[in-house]
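Peer 1: Sharing a structure below in structure tokens format, with a few things to ask.
The values are calculated or read from the model by the stated rules, or taken from the named source; none is laboratory data. Note that the structure is a prediction, hence the values are computed from the model and not measured. Every residue, glycine among them, receives a Cβ derived from its backbone with ideal geometry; neighbour counts consider all protein chains shown. Surface accessibility is based on the protein's heavy atoms, side chains included, excluding ligands, DNA and RNA. Shrake-Rupley method; radii C 1.70, N 1.55, O 1.52, S 1.80 Å.
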Amino acid sequence: MAINSFHSVASAPQERHELKQSLTTLPLVGLTFFAVCGAAFGIEDAIKAAGPLYCILAILIFPWLYSFPLALITMELSTAIPENGGYIVWADRAFGSFFAFQNGVWKIASNAVNLALFPVLFSSYLHDIFPWANDHFGHTAWWAVGMLSVLVTSLLNFHGVEDVGRAAVWFLFLVLLPFIFMFGFGLPHMSFSAMVETLPASTNVHWGMLFIVVLWNNSGYDNVGVCSGEIKDISTTFPKAIVITLFLVIATYLFPVMVAVSYARDWTLWSAGYLPQVAEMVGGRWLGVWMGITGSFSALGMLNTLLCTSSRALGCMADLHFFPKFLGSLHPKYNTPYIAIACNSLFVSIATYFLNFQAIVQVNGFMYALTLLMEYSAFLWLRYRQPELHRPYKVPLSTLGCCLMCIPPVALCFTQMALVDSLSLIISASTVALALLCYIPLYIFGGGRWPAHLFSKDINSTISSSFLPYAGSAFFPKHFKDCEEDPESDPNHVYNPPSTSISDLSTDIDSSPNHNNGSFPDSPVSSVCSGVTEPLKRVRSSFSGSTGNGIVSNERETSEIHLVHLDDD
């Protein structure tokens with residue numbers, strides 16, 4: 001048996017511009033802040049659930065058990081693998097395409113619901129400030145107000161992460177300023193006795209609500225990891241920004257709560273959106289109105305950041321050949337994933353009008369905890385299996401120490417998942433099942449990733465491409481024809497796989513003058529030569545984007561394998 005024509009055609013590393021590393025420390029602090037909390041809004045339910053004492057203790061303790069380990073692993077993995085994609089790239093590097101795909105789908109589903117919440121929050125705060133507008137504004141009018149926030153943040157994201165970071169700094173200043181005034185006015189009247197109060201003995205403490213609210217308001221440090229490829233001097237900038245944000249988030253929750261509980265001591269009144277009323281008690285009507293407007297700016301800042309990070313996650317799924325390639329296309333002028341941004345914005349515009357968020361919002365806690373379990377696993381696995389990986393920032397613990405460090409946040413993740421209600425559990429389980437089902441065709445037709453030429457970054461090419469040759473090769477290998485036949489070959493030629501051994505084929509491949517040791521994607525060849533397992537495993541492993549020394553390449557090479565025909569000698 002001889003291979004008459006077996007050649008690889010390597011394409012350019014990627015059809016995209018070099019990412020500009022423009023994020024510096026202050027813009028990154030702004031992005032991380034809004035990825036995590038966006039101000040003290042949302043902490044009110046924790047006070048209602050457990051009273052001031054337990055809420056303040058949770059604010060002081062949970063960040064070190066839950067957020068700090070996550071911040072540490074985000075710093076290590078982002079500086080070691082400085083590619084856009086963050087948690088998706090980490091899972092791909094550690095466990096391969098299956099778990100990377102699952103983690104990406106889980107996170108994108110969670111981000112999608114979150115994105116749709118912020119325009120509603122934006123309009124609801126304005127709704128509370130201007131109640132007279134209810135006489136003139138119906139549901140559609142308030143929806144249009146929410147869409148104004150989508151339009152503003154979409155334009156910022158289209159212009160690039162540098163503009164997103166600058167806007168985040170301004171939003172950070174705007175949302176912190178009224179809290180500083182509130183703390184300054186309330187400091188002389190701050191009551192220590194109010195801060196140590198608990199709920200009356202006749203009222204049960206809702207530990208589940210306390211855990212979910214505080215954990216959720218301290219989550220998100222891993223989100224900024226998807227922008228790792230656009231951070232300037234990441235080895236120093238990223239750790240510095242994460243540490244600053246960690247202390248800033250704790251202070252953002254702690255000081256306003258210490259003042260607020262001294263003024264509003266009826267814990268049954270505390271619920272989401274109550275802080276503007278407390279601000280009015282502290283400083284007057286003007287401070288209450290200012291705090292309400294600040295709530296809208298907070299929602300705008302969180303939408304701005306999450307649209308940035310979720311669009312890059314979507315683009316990463318395309319770059320890894322999990323989603324159509326055009327979703328990862330970059331704007332020729334601004335170098336931003338503009339199609340992914342547009343898709344996210346379109347989804348938000350539709351979802352905010354139709355979805356019932358009260359039934360869906362709890363899903364975020366479950367899905368986010370699931371993705372965190374994957375991230376901790378990838379961190380520990382890479383520490384164990386790839387100790388030689390260059391880590392500009394390395395958590396100053398041994399592998400055993402890292403395992404011990406991860407125990408508290410992992411336990412809290414399982415606790416968070418166990419506390420969701422039955423409806424949220426059903427929705428979350430359905431999302432997990434959907435991710436598993438979506439991977440089946442990906443595995444059948446591409447061995448875990450779609451072939452490079454099937455989903456082009458050109459939308460027209462994507463639409464015109466067909467699954468039929470790949471379906472045929474998977475289920476009817478004896479009638480498989482090459483997708484790009486030689487025009488001089490017989491059009492009626494039918495491939496009949498010869499009887500040969502693995503060693504014969506691998507020897508012929510290695511001896512082929514057109515064979516090289518570059519990167520190859522998965523190909524229909526895997527279906528045609530179903531008995532050739534080991535050579536194709538090497539082909540698939542090389543497609544993952546890793547170089548021979550185990551370091552992920554920033555420029556993932558793609559290639560196409562063309563098998564014209566095999567003849568018996």
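Peer 1: Beta carbons within 10 angstrom, averaged per residue: use that to sort the peptides 62-69, 30-37, highest first. All intermediate terms of the calculation are to be shown ahead of the outcome.
Peer 2: Working: 62-69: 20.1, 30-37: 27.4.
Highest to lowest by the protection proxy: 30-37, 62-69.
Peer 1: Between their Cα atoms, which of Lys107/Lys240; Lys20/Lys232; Lys20/Lys107 are more than 19 Å away from each other? Mind showing how you got there, number by number?
Peer 2: Values: Lys107/Lys240 26 Å; Lys20/Lys232 8 Å; Lys20/Lys107 25 Å.
Beyond 19 Å: Lys107/Lys240; Lys20/Lys107.
Peer 1: Using a 1.4 Å probe on the protein chains only, how many percent of the accessible area of region 223-333 belongs to carbon and sulfur? The partial results should precede the final answer.
Peer 2: On the way: 2140 of 3260 Å².
C and S fraction of accessible area: 66 percent.
Peer 1: Taking a ≥ b ≥ c as the square roots of the Cα gyration tensor eigenvalues, with a/c under 1.5 meaning rounded and otherwise prolate when a/b beats b/c, else oblate, which class fits region 233-385? Provide the component values of the computation, followed by the final result.
Peer 2: Details: a/c = 2.01, a/b = 1.61, b/c = 1.25.
Prolate, since a/c reaches 1.5 and a/b exceeds b/c.
Peer 1: Would you please classify the overall shape of region 15-150 from the alpha carbon gyration tensor, given that a ≥ b ≥ c denote the square roots of the eigenvalues, rounded means a/c under 1.5, and beyond that prolate means a/b larger than b/c while oblate covers the rest? Before the final figure, lay out each step's value.
Peer 2: Values: a/c = 2.15, a/b = 1.40, b/c = 1.54.
Oblate is the answer for region 15-150, as a/c is 1.5 or above yet b/c matches or exceeds a/b.
Peer 1: Say each of Lys232 and Leu26 gets a label point 7 Å from the Cα, pointing the same way as Cα to Cβ; how far apart are those two points in nm?
Peer 2: For Lys232 paired with Leu26, the spin-label model returns 1.2 nm.
Peer 1: Ranked from highest to lowest mean number of other Cβ atoms within 10 Å per residue, what is the order of the peptides 198-210, 163-175, 304-316?
Peer 2: On the way: 198-210: 13.4, 163-175: 21.0, 304-316: 27.0.
Per-residue Cβ counts within 10 Å, averaged per peptide and sorted highest first, yield 304-316, 163-175, 198-210.
Peer 1: Now for a separate question. May I ask you to compute the full-extension gain from Met209 to Val196, defined as 0.36 nm times their residue separation minus their alpha-carbon distance, rounded to one decimal in nm?
Peer 2: Values: separation 13, 0.36 × 13 = 4.68 nm, distance 1.91 nm.
This chain segment gains 2.8 nm when fully extended.
Peer 1: Pop a pseudo-label 7 angstrom from the Cα along the beta-carbon direction at both Asp421 and Leu437 and give the gap in nm to one decimal.
Peer 2: Result: 2.5 nm between the two label points.
Peer 1: Grab the Cα-Cα distance for Leu248 and His331, subtract it from 0.36 nm times how many residues apart they are, and report the gain in nm with one decimal. Mind dumping the intermediate values first?
Peer 2: Details: separation 83, 0.36 × 83 = 29.88 nm, distance 3.41 nm.
Here the answer is 26.5 nm.
Peer 1: Given labels modelled 7 Å from the Cα in the Cβ direction, how far is it in nm from His189 to Ala144?
Peer 2: Once both label points are built, they end up 4.1 nm from each other.
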